[in-house]
């Protein structure tokens, strides 16, 4: 593992105990993400303090707070006193340690829609992206980066690799997840395809080319022709001169996006499951 991003991941991820990258933890929100989002919203509140009287809010947050009290708290408007400290205390609860992911993202989505400030929305979106959250802000909506099925495919592959005694395969999948969490997308793709290689080499006893191992594997356990071709093309993508591994080894960089890495991890995890379970399994 590269020391460049060890500080970006948890101990559990570094040790391979936690198989999922942060982008696939759909029911979670990290403490640092809570803190950063609240810092931004708190700053907007402070900017809207009434000039000459910081006890009360001015627009635009006064407008947003009024709408919140009516729509979310169902307070009769004549009972609302527009005090800055009270709205801070009320909204801060949404980011408290005990607040769930739905508390946080539900409020943040409502806030950006009510405020309708493109600059603030962009800042919030950037925070969620930089923290590699499982959710992103797109067109005023908070949406998941990936589906639950993609996460399940990775967990299933790791469990099967463990039960099959294939530590190398499990290690590659774990490293791919770790790299994704750390933002090393090219490294994640490389480790994902290495996991597929490791299965093919282990099951055939070959150490040469992946194509040769795949041919031997297909001879012993015939695959669906379309599936075999898909595996070959997937490997070719990562190996040709425009591919990820060429760029990694020759230039040290590759034009790989987060979405590319998520897709490749899910696909390769499904391929690993298929190859380990044999012909009775199909990619998830």
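Here are some notes:
- Protection-proxy order for peptides 132-140, 258-266, each taking the mean of Cβ atoms within 10 Å per residue, highest first: 258-266, 132-140
- Shape call, region 128-180: gyration tensor on alpha carbons, a/c limit 1.5: oblate
- Peptide packing for 27-35, 158-166 was compared via the average number of neighbouring C-beta atoms within 10 Å per residue; ordered from the highest value, the list is 158-166, 27-35.
- Contour excess over end-to-end distance, with Cα ends at residue 92 and residue 260 and 0.36 nm allotted per residue: 56.9 nm
- Order by protection proxy (mean Cβ within 10 Å, highest first), peptides 113-122, 61-70: 61-70, 113-122
- Whole-Å semi-axes of the ellipsoid equivalent to region 31-144 (Cα gyration tensor, √5λ, descending): 24, 15, 13
- Gyration tensor verdict on region 44-100 (Cα atoms; rounded if a/c is under 1.5, prolate if a/b is larger than b/c, oblate otherwise): oblate
- Rounded, prolate or oblate (a/c below 1.5 giving rounded, otherwise prolate when a/b exceeds b/c) for region 164-221 by Cα gyration tensor: prolate
- Exposure proxy ranking, count of Cβ atoms within 10 Å, fewest first, for 172, 194: 194, 172
- Comparing Cα centroids, region 38-76 and region 148-164 end up 46 angstrom apart.
Computed from the coordinates by the stated procedures, all read-outs in this text should not be read as laboratory data. Everything quoted here is computed from the prediction, not taken from an experiment. A quick note on method: Cβ atoms are made from the backbone with ideal geometry, for glycine too, and the neighbour counts reach across all protein chains shown.
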